[in-house]
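Accompanying notes for the structure given below.
Every number in this text was worked out from the coordinates using simple rules, so none of it is lab data. Since the model is a prediction, treat every value here as computed from it, not as a measurement. Reconstructed Cβ throughout: ideal geometry from the backbone, glycine too, with neighbour counts over all protein chains shown.
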Amino acid sequence: MAAEQKTILVADDDKDLVMALSIRLKAAGYDVISAHDGEEAYELASKNKPDLIILDVRMPAGGGFSSIDRMKHSLTTRNIPVIFLTAFDDEEMREEGRNLGAAGFFRKPFDDSEFMAAIEGVLSTPGAAGHGGM
Amino acid sequence: MKVYRIAYLGNDGEAAMGLETALKGDGLQFVRAGGDYQGMQRAGEFNADIILWDRDNQPPEAALPIDQIRQSGLTRQPVIVVVRNDDVEGAVKSLAGGATDFIYKPIREDPLPRVIAALNASSKQRRIDWCNRVIEDTNDQVKGILATLADPAYVVSPEYQILWMNRAAEEIFGEGQRGGACHHIFYDRMEPCEVCAKNKGAARWRATLKNGKSYRFISAVVRNSKGEVEKLAVGTDITPDQEVSKIHKTFIANVSHDLRTPLAAIDQYVNILMEGLGGELNDDQKNYIDVIRRSSFRLHNLIENLIDANKVLSGDFKLKMEVLDIQDILDVVLGRLRSQAEDKGLTMQVQVADGLPPVYGDKSRIAQVVANLAGNSIKFTEQGMLQIRAGFMPRDEGRIILSVEDTGIGVPKEDLGKIFDLFYRVEKDKVYVEEGAGLGLAISREIIRAHGGTLWAESMEGMGSAFHFSIPAYMGEQVTR
């Protein structure tokens, strides 16, 4: 049986960046779905159960923090690893992201190879999402 | 010249005449009044400096009416009693009752030395009284000024008892708190606050009070008129400053977020194109896109430097302190800079003294300073060399000194004092010599200062420059974090 294609949800209100990421991720062999606000991110995560979520912090309709909070409190989404990708550079924000169970935190603009390596790392570690608060 | 006023209170015309004759002269004024209460009041109106009080024909057991004299307004003046030369008991009684001296009548002896002695004795007491009054008055004045302050002020005893509060303090903590313990009334603490426990006298601290506002307090030791030590504390409302700094921080965070966001998109699409994910590119197209990449990189650097400058120069940065080897720091920085120097055909020499002690500092911040200094040297040197040296100075319990020297264009003498200013840029014939925002040296100086060090420069125009910084060496003592 062929290895199943992994699905990544990219949630960011910068549509240009979402498109760039989806070009890159698709080129690397991933399936990509996208959301543009916090509400949509949560809905798509619940509906599609992606293998990984890349989440912006500042978005309309509930930012990344409230999205991840809801995801980590829902049985369907609690084990999906989340990597934050934000243009904020704030140690407290990183800390908050970690506390909310994020598997990674990247600051825009970001280094492509480091970013792709982190995605691969999270996806190849079973239970990497183990911040589910179990 | 001070004129001394002598008041005779009594009804013995002969004695009065004798005294007036003996006590006449430059600097003396004499007045007569009756020995009753009215006479005493007259002497007070006359501003008498000394009272000659005649016992007249009172019986020997009669006491000196000192209370009456003092009440009449003659509150401090020395009193000399005039007694009949056979009334020894009356003289003794008067002395016991508060008289300074006595004079026998009829007047045979010169009374002047007695009067002078009494005035001297009283002036000493008066000086003490005066000093106390000045202290009291000053305290009252200070309290008067403090009472009108919009910010809280209070006085506490060494036992932390509230002795006085101004109106603003009463508005925050309530009236009638005199006598309560300050730590209890102000901060709901059972024990004295740390700052008071540590500092008996002058201290500075910040506190958020019961009205929800933040204050910066300064305290000082004051003495009351009894010579007792008290502590005066005055607060300044810094809530507005804190609000401004919060707004400033949020503003900077949002602006930097919004500057980085499009940069991320530019970066991504440049990479997508360069990697051929958008189709094959010819060499020209690749070159053009490389220009976009480099420009975006420069823009990114500039933005990060501005954000960092804002952080460092507003003091809003924390050092991550650890014990560091200078060699490690140089290894981090110079790898990158060496290739830059070599690209320009410059030689780069690095010398680290043997057995150099480590420093206690923030690795990335010190590396940032070294990178800034060495980067400047490369930027402003067209040929020759660049030398980086690290050594030890035994001064001030040991310091590490790091120098970056070059054979570049140097800094004009008149500009040497300005190069550490914000936005200073090297200018030649009114044209900026190199790109740059003029932030690097200002940031570097702040970073070195935050490490308890100094950064300075020497230069000869056209010959080269030398930048040095010194920071305390880590001599292995226990460092508390």
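Of note:
- Listed residue pairs exceeding 25 Å between alpha carbons, taken from B:K231/B:K318; B:K143/B:K246; B:K210/B:K246; B:K311/B:K363: B:K231/B:K318; B:K143/B:K246
- Take every pair of alpha-carbon atoms less than 8 Å apart whose residues are at least six positions apart; their mean separation over the length of chain B yields a relative contact order of 7 percent.
- Cα-centre dipole for chain B with unit charges at Cβ (Lys and Arg positive, Asp and Glu negative), debye to 20: 660 debye
- Selection from B:Y360, B:L23, A:P60, by position along the positive dipole direction of the protein assembly as shown (Cβ): B:L23
- Taking the Cα centre of the protein assembly as shown as origin and assigning +1 to Lys and Arg Cβ atoms and -1 to Asp and Glu Cβ atoms, the resulting dipole is close to 1440 debye.
- B:G174 sits among other residues whose Cβ lies under 15 Å from its own Cβ, and their net charge, with Lys and Arg +1 and Asp and Glu -1, is -1.
- Near the amide H of B:T454, within less than 5 Å, lie the amide hydrogens of B:S470, all on another chain or at least 5 residues away, with H placed in the peptide plane.
- All lysines inside 20 Å of A:K47 as judged from Cα atoms, apart from same-chain residues fewer than 8 positions distant: A:K6, A:K72
- Sequence-separation-based contact order of chain A, relative, with Cα cut under 8 Å and 6+ spacing, percent: 20 percent
- Prolate/oblate/rounded call for the stretch B:241-399, Cα gyration tensor, a/c under 1.5 rounded: oblate
- Every pair of different Cα atoms in chain B enters the Kirkwood calculation, which places the hydrodynamic radius at 31.2 Å.
- Computed over chain B, the per-residue total of -39500 (n - 2.57) for DSSP H runs of n ≥ 4 gives a 222 nm mean residue ellipticity of -14000 deg cm²/dmol, rounded to 500.
- Among the GluC sites (Glu not before Pro) in the stretch A:1-84, those placed in a DSSP loop whose Cβ has at most 16 other Cβ atoms within 10 Å are A:E4.
- For chain B, the longest principal axis of the alpha carbon atoms and the long axis of helix B:363-379 meet at an angle near 60°.
- The ranking of B:W53, B:W164 by Cβ neighbour count inside 10 Å, starting from the fewest, reads B:W164, B:W53.
- The charge dipole of the stretch B:141-186, taken about its Cα centre with unit charges on the Cβ atoms of Lys, Arg (+1), Asp and Glu (-1) only, comes to about 120 debye.
- Look at the stretch B:255-264: the mean tally of other chain Cβ atoms within 10 Å of its residues' Cβ atoms is 6.
- With contacts taken as Cα pairs under 8 Å at a separation of at least 6 residues, the stretch B:133-238 carries a relative contact order of 26 percent.
- Cross-link pairs exceeding 27 Å between alpha carbons, from the set B:K320/B:K413; A:K108/B:K286; B:K2/B:K93: B:K320/B:K413; B:K2/B:K93.
- Backbone phi angles across the stretch A:14-23, fed through the Karplus curve with coefficients 6.51, -1.76 and 1.60 (θ = phi - 60°), yield HN-Hα couplings of 8, 5, 4, 5, 4, 5, 4, 5, 6, 4 Hz in residue order; Gly and Pro are listed as x.
- Projected onto planes of every orientation and averaged, the convex hull of the alpha-carbon atoms in the stretch B:241-313 covers 5.3 nm².
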